[in-house]
Amino acid sequence: MPKITVDGKTIDAKDKQMVLQACLDAGIELPHYCYHPGLSIPASCRICLVEVEGIPKLVPSCQTPVRDGMVVHTQSPKAIANQKQVMEYLLVNHPLDCPVCDQAGECYLQDYSYEYGRSESRLEEPKHKKPKKDVGKHVVLYNDRCIMCTRCVRFTREISGGSELYIDGRGHKEEIDIFPGRPLDNKLSCNVVDLCPVGALLDKDFLFKQRVWFLKRVPSVSPVDAGGENIWLEYNEGRIYRIKPRYNPDVNAWWISDDTRHSYHIVHDENRLKQAMKLQYGTQVPVAYDTAVSEAIAGLQKLKAESGEGSLYAMLSPMMACEEAWLLIQAIRSIDPKAVLVLGPVPSTGEDEVFYNSRTKQETFRIKAEKVPNANGVRRVMQMAGGPTATFDEFTAGEAAHLKALKGGWIVGGYHSQWLPKTLPALFKRGFKVVQDILPSAISESADILLPSATWAEKDGTWENHQNRLQAFVAAITPADGTRREGDVYYAMLDRKGQYHAPSVRQEMGSPFAEVTIPSEDAEEPAFEFVEL
Ligand code: SF4
Ligand code: FES
């Protein structure tokens, strides 16, 4: 392992690591714009130049590999003069619009200007203005804020692969653009917003919605497919404002899909179910939540008493947390020990969407075809519970003897889209049904008892992704008025004290759930590994 000395301090570096990354890993701040560990290294912005003993000129630290015994100076008069000159050059035409810029508060240009820039501009001529451009479905470009770091261009070539962005013109006329008729319209497009170190590329969805310093965040996992992309849910005063990628080298690296990024809209959807209902004389009428839960339990107990064991079912949803699935199984089996467990529909688009580096043709990202986050986890919990089970197809066909005996049960939805087959299967029409869901559907409208439930952003839990990786997620906000976390309902059914507490349930479930840890909410961006492209 090479050792280098930076400003008199000896640090350990990794083989093949660049000086900049070694410094960042060791907690030594070095300004950088064009460098990103997930992209190729053009060394074009020049702000990271440092002095290396034995080399007569300044070298770009982002592109200079470490060498054992290397002595680096980041604060020498030559290095500091370069930082100041680069900052002055970058700010020559930069508009002073921080008060209305979405990036303010998390802008590298602001930070470095404060740290390394001059207090006043020496430019006397008017600034060169460039127009704002709509470059894609989700992304807008404020061209005069751009510092030409080319991160966005490299992303569309090296990760999303469509090469939609390019550099037009030369010199002070240089600007980022799209080709006519070819907008930035791929399913990873908004990653360029995260990559842009200034406020040039912005997500239309977040534009002018909230100042970033008001946002708090919790670690979470994408609800839109089986990929399990790691995310931060960013919220303020009971409202989610945006989703950002959370670095995980084994799952999604630095990137997330646009579907993941905009999935939080479901939490504040105006169609959310928010009133518990019960069926009375053929019509659903509003009822207090506690009454609905008591009547649901009483209805199932009555069925079991009339028809015996094996007359109830629980349809578990692949949107549920593993802990909730576990609790529902305990709850339904406390009424009917032979209750049949069914895994609800697992929607799929058929094929994964795969992205490639346009030059090397290497795979860079994959959006899973399975459009639910936890089919694997619920299957695992069902297996742990044992007893009679059925697949969704077996259940809807209803031909097996143990399914013909079913008289009613508990159905969990929670899907972000209409999840039922077009024709409502006969078994759904038959018998007493309790339905927990977040959006109206044919099944919620025909429920004997309807219990509005919480979205993933309003509860804690664990999902298992397609790699069989168990990942915990944390509630950002409390459940919307009129809704309840499924876990709280099951706690009530099981006569448990207190409120649903995912970590305690995981301990009960034993291995491997007991070993699941919650990612730290205070985590800064993790130290980046060097990625060989
Ligand atoms: S738009 Fe942003 S990411 Fe793209 S080159 Fe300009 S500053 Fe860099
Ligand atoms: S970060 Fe090194 S030259 Fe841009």
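The values are calculated or read from the model by the stated rules, or taken from the named source; none is laboratory data. Computed from a prediction, not measured in an experiment: that's the story for all the values here. FYI the Cβ positions are ideal-geometry reconstructions off the backbone, even for glycines, and counts take in every protein chain you see. These accessible areas exclude ligands, DNA and RNA; they are computed on the full protein's heavy atoms, side chains included. Shrake-Rupley method; radii C 1.70, N 1.55, O 1.52, S 1.80 Å.
So the values come out like this:
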read-out	value
5 angstrom amide H check on MET70, placed H, neighbours 5+ away	THR5
Integer Hz, Karplus 6.51/-1.76/1.60 couplings in order for region 149-159, x for Gly and Pro	6, 6, 4, 5, 5, 5, 4, 5, 8, 9, 10
In Å, descending, principal axis extents of the Cα set of region 274-331	33, 32, 18
Greater than 21 Å apart at Cα, pairs in LYS304/LYS404; LYS274/LYS497; LYS244/LYS368; LYS278/LYS497	LYS274/LYS497; LYS278/LYS497
Low-density loop cleavage sites - GluC sites (Glu not before Pro) in region 358-435, where at most 13 other Cβ are within 10 Å (DSSP)	GLU399
Set of aspartates and glutamates near LYS9 by C-alpha distance (under 18 Å), chain-local residues within fewer than 8 positions excluded	ASP25, GLU29, GLU51, GLU53, ASP68
Equivalent ellipsoid semi-axes - Cα gyration tensor, the chain, angstrom	53, 24, 20
Rounded accessible area per residue of region 225-287, 1.4 Å, Å²	41
Accessible area of region 1-135 divided out per residue, in Å², using a probe of 1.4 angstrom	53
Accessible surface, 1.4 Å probe, highest first, among residues PHE428, PHE214, PHE179	PHE214, PHE179, PHE428
Global geometry of region 52-191, whether rounded, prolate or oblate, following the gyration tensor of its Cα atoms and the 1.5 cut on a/c	oblate
In region 422-511, trypsin sites (Lys or Arg not before Pro) in a DSSP loop with at most 10 other beta-carbon atoms within 10 Å	LYS422, LYS497
Antiparallel bridge percentage (DSSP; both residues within region 304-416; nearest 5)	35
Whole-Å semi-axes of region 197-301's equivalent ellipsoid (Cα gyration tensor)	38, 18, 12
In Å, descending, principal axis extents of the Cα set of region 469-518	33, 26, 15
Residues whose placed amide H lies under 5 Å from that of VAL251, excluding near-sequence neighbours	none
Between helix 289-307 and the chain: long-axis angle, C-alpha atoms, 0 to 90°, nearest 10	50
Within the chain, helix-based [θ] at 222 nm, where runs of 4 or more DSSP H residues each add -39,500 (n - 2.57), nearest 500	-6500 deg cm²/dmol
Sites matching GluC sites (Glu not before Pro) across region 207-262 that sit in DSSP coil, with at most 15 neighbouring C-beta atoms within 10 Å	GLU237
Phi to ³J(HN,Hα) by Karplus 6.51 cos²θ - 1.76 cosθ + 1.60 over region 472-488, Hz, x for Gly, Pro	7, 10, 10, 5, 8, 9, 7, x, 4, 3, x, 10, 9, 5, 3, x, 5
The chain: angle of helix 77-91 to the longest principal axis, Cα-based, in degrees nearest 10	70
Sequence of HIS268, HIS501 from largest to smallest accessible area, 1.4 Å probe	HIS501, HIS268
Radius ratio Rg over Rh of region 135-289, counting only Cα atoms, Kirkwood formula for Rh	1.11
With eigenvalues of the C-alpha gyration tensor scaled by 5 and rooted, region 22-91, Å	18, 16, 11
Rounded to 5, percent antiparallel among DSSP beta bridges of the chain	70
Apportionment of accessible area to carbon and sulfur, region 1-108, percent (1.4 Å)	58
Reference-scaled alpha-carbon Rg (2.2 N^0.38 Å with N residues) for region 387-492	1.19
Segments 313-322, 190-199 sorted - mean Cβ within 10 Å per residue, highest first	313-322, 190-199
Cys residues of the chain counted as unpaired, since no other Cys beta-carbon is under 4.7 Å	CYS23, CYS48, CYS62, CYS98, CYS101, CYS107, CYS146, CYS152, CYS190, CYS196, CYS322
Nearest-ten-degree value, helix 375-385 long axis tilted from longest Cα axis of the chain	40
Distant-in-sequence amide H partners of THR364 (H built 1.01 Å from N, under 5 Å)	PHE355, TYR356, ASN357
